[in-house]
Amino acid sequence: MNEDQLDEQAESTPPAFALTSGRVRGYHRAAVDTFLASARRAFEAGGDELSADDVRTASFPLVKNGYVVADVDAALGRVEDAFAARERERAVRSAGAGAWVEQARTDAQVILDHLARPRRHRFARTGVLTFGYRLDEVDHVSTRIVRYLRDGDALTAEQLRSAAFRMQRGGYREEQVDALLDATIDVILAVR
C-alpha cells in the first residue's frame, strides 16, 4: 500500500485517538496506526523483531488533523511497558533473577557515575552558536535521577518520557541527555 492509500484508509476509519484541530499539529494517523498494528502483531507473535527500545524511539511526522501527541505518547508508554515486562520475564527465565537484578544494578551505577560530575558539566556541550538543552533544567532532572537511584525517591518512567527541556546556546548535547534518560527508563522498567 502506498502512502496515499494509507492516508485514505486512516481517514475512512474512526480515529484511534483524539485529533488535533486548528493550527495544532499531531502525529500522522496512518503512521501511528501502522506502527501500533505492527507492534501488536510482534507482541502477539512473541518474537524479537520489536523491543521496548524500538517502541520508545518510534517517531511520527507531525501533520494537521493528526492524533493528539500526548494521547499517542501515553499509549506508546503502555506498549513499551508491556514489551519491557516480557523482555524482563525472558531474561529472568534464561539467566535467573539474580543476573537480571545485577545487570540493572550495574546499569544504575553507570548512570550514577556519569551524573557524579559537577552541575553544568554533566554532559558535552554544544558550541556557543549552537542550541542544546538548558543546563539548569537537565541538571534538575539529573538530580532527581540520582535521588531515585541512590536514595529510592519516587520517579516514574512516564515522568522521564515526558521530560522536555527548553533550548539555550551552548547547552547540553541533546543526544547524550536523551541516551541517559533512555538508560534510566530501562533501569526503572527493569526493577518494576
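The values are calculated or read from the model by the stated rules, or taken from the named source; none is laboratory data. What you see is a predicted model, and the numbers here were worked out from it, not measured in a lab. For neighbour counting, all protein chains shown are included, and Cβ atoms are generated from backbone atoms with ideal geometry for every residue, glycine included. Surface accessibility is based on the protein's heavy atoms, side chains included, excluding ligands, DNA and RNA. Shrake-Rupley method; radii C 1.70, N 1.55, O 1.52, S 1.80 Å.
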(request) Answer yes or no: is there a residue in the stretch 57-67 that is assigned to a loop (DSSP other than H, G, I, E, B), touching a His at 6+ places or on another chain (Cβ under 8 Å), modelled with pLDDT of 95 or more and crowded, with 19+ Cβ neighbours inside 10 Å. (result) yes
(request) Look at HIS140 and say whether it is open to solvent by 20 Å² or more (accessible area, probe 1.4 Å), without any contact (Cβ under 8 Å) to a residue 24 or more places away in the chain and closer than 30 Å to VAL72 by Cα. (result) yes
(message) Here's a check for you: in the stretch 83-122, which residue that is surrounded by fewer than 17 Cβ atoms within 10 Å (Cβ to Cβ), aliphatic (A, V, I, L, M) and at pLDDT 95 or above is nearest to ALA183 (Cα to Cα)?
(response) VAL110
(message) Whether any residue in the stretch 36-53 is assigned to a helix (DSSP H, G or I), surrounded by 19 or more Cβ atoms within 10 Å (Cβ to Cβ), touching a strand residue (DSSP E or B) at 6+ places or on another chain (Cβ under 8 Å) and not β-branched (Val, Ile, Thr) is what I want to check.
(response) no
(request) Return only the number of the condition from (1) open to solvent by less than 40 Å² (accessible area, probe 1.4 Å); (2) modelled with pLDDT of 95 or more that LEU189 does not satisfy. (result) (2)
